[in-house]
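K.L.:
Before I ask anything, let me first share the structure, which is written out below as structure tokens.
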Amino acid sequence: MAVLAVAEHRRGDLRDPSFEVLTAGRELADAAGTELHVVVTGGDVDAFAEDLNREGVDAIHTVDYGEEFNAEVAVQAVDQLAADGEFEHVVVPNTVNGLGSAPAIAQRLGRPIATDAIGVDVDEGLIITRELYGGKTEGTIAVDGPAAVVTVRPGEWPAAEGAGDAAIEAADVDIDEGAIGTTVTGFQEVGAGDVDITEAEVLVSVGRGIEEEENIVLIQALAEALDATVSASRPIVDNEWLPKDRQVGQSGKVVTPDVYIAIGISGAVQHVAGMKGSDTIVAINTDPSAPIYDIADFGIEDDLFDVVPALIEEFGGDVPDF
């Protein structure tokens, strides 16, 4: 028996959740006392397999079919790989692609599915941890049956690191082309000037404490001085002061930068869910009881309109009029 993790890629690159799912899969495999295998379908599978050969991975199965990741191909591949009962659990990233394939995998294998896990364990069966009540609390759920399909939330596990010595082999599967109903024909770029905040190493994030839209130039000046990217909490986006693709949180994006600077953000659970995986969190807030201080590594209890200009000057930037 073994645990099978599903990797995904886009436009020639493995996506970050593919390496995070290795860590989650290894954790589950250790709890079950078994091996961790990985399957990658489509694209340059040989190069992907070499990159996925990280510490803790025991075997990698490649399926050379198509250029882009296709959830329906992944479903067929996993179905055939797991048909003989070798794989106890299947672990999939809780992404758009993962949520497109995991339910179908569960249906084909006749297994229960548990989604959006933030923790996995085994105790006379699979136990997963999920956030409940909009992230206000966590709870554990026992999954019926000896085997299951699990989707794991991006940003909750670190990416697997270190070189591995896994066996790499082409999977003995037969993909039915006639059963594939979708094809990737291209990608639509985001609007000019927009960025992917999930890729940023340093984020300067602004909340309702900024008071007025005109004051956001202050945050942008600090980001420029730090060579950082600007992000925001939901109220800023709801007010249309920054675009939706800058929103961090449960209804926005999950980010894991090296440094996350939360300016004028109280730290509601919905926002924290999107940034708590940051390596270092710095909070600037006048309220000493703000929940953001519960998770911050460093806190500045002061008026952002005094602190931010001082930081801009300290890092060699120009303080704008605001």
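Just so you know, all these numbers are worked out from the coordinates, no wet-lab data involved. Since the model is a prediction, treat every value here as computed from it, not as a measurement. In this analysis, Cβ positions are derived from the backbone assuming ideal geometry, glycine residues included, and neighbour counts consider all displayed protein chains.
K.L.:
Using 1/(1 + (r/R0)^6) with R0 = 41 angstrom and r between the beta carbons of I180 and E55, what's the FRET efficiency to the nearest 0.05?
P.N.:
Between I180 and E55 the formula returns 0.75.
K.L.:
Right, something else. Mind checking which of G25, G164, G249 has the largest fluctuation in a GNM of the chain, springs on alpha carbons under 10 Å?
P.N.:
In this elastic network of the chain, the residue with the biggest mean-square fluctuation among G25, G164, G249 is G164.
K.L.:
Please compute the length gained on full extension between D64 and V96, using 0.36 nm multiplied by the number of residues separating them and subtracting their Cα-Cα distance.
P.N.:
Answer, rounded to one decimal: 9.4 nm.
K.L.:
Same structure again: Scan region 29-89 for GluC sites (Glu not before Pro) in coil per DSSP, keeping those whose Cβ has at most 14 other Cβ atoms within 10 Å, and list them by number.
P.N.:
In loop regions of region 29-89 (DSSP not H, G, I, E or B), the sparsely surrounded GluC sites (Glu not before Pro) are E55, E67, E86.
K.L.:
So what's the angle, to the nearest 10 degrees on a 0 to 90 scale, between helix 216-226 and the longest Cα principal axis of the chain?
P.N.:
That helix lies at roughly 70 degrees to the long axis.
K.L.:
Report the longest stretch of the chain that contains none of the trypsin sites (Lys or Arg not before Pro) sitting in a DSSP loop with at most 13 other Cβ atoms within 10 Å.
P.N.:
In short, 137-322.
K.L.:
Another question, if that's okay. Suppose each label sits 7 Å from its Cα in the direction of the beta carbon; what would the D121-R10 distance come out to in nanometres?
P.N.:
3.3 nm
K.L.:
Tabulate in residue order the Karplus-calculated ³J(HN,Hα) for region 312-322, using 6.51 cos²θ - 1.76 cosθ + 1.60 with θ = phi - 60°, rounded to whole Hz; enter x for Gly and Pro.
P.N.:
With the stated coefficients, region 312-322 comes to 4, 5, 4, 9, x, x, 9, 7, x, 6, 8 Hz.
K.L.:
Also, I was wondering about something else. In nm, give the distance between the simple-model label positions of D306 and D46, each being 7 Å from the Cα along the Cα-to-Cβ direction.
P.N.:
For the pair D306/D46, the computed spacing is 6.4 nm.
K.L.:
Right, another one. Mind telling me which of A171, A310, A77 comes out most flexible in a GNM of the chain, alpha-carbon contacts under 10 Å?
P.N.:
Checking each option, the largest mean-square fluctuation is seen for A310.
K.L.:
Quote the relative contact order of the chain in percent (integer), defining contacts as alpha-carbon pairs under 8 Å separated by 6+ residues.
P.N.:
The normalised contact order for the chain reaches 14 percent.
K.L.:
Looking only at the chain, where both bridge partners belong to it, what percent of the DSSP beta bridges are antiparallel (to the nearest 5)?
P.N.:
Counting only bridges with both partners in the chain, antiparallel ones make up about 25 percent.
K.L.:
Looking at the chain as a GNM with Cα springs under 10 Å, which of P288, P103, P17 has the largest mean-square fluctuation?
P.N.:
It is P288.
K.L.:
Using 7 Å Cα-to-Cβ label points, what is the E161/A142 separation (nm, one decimal)?
P.N.:
3.8 nm
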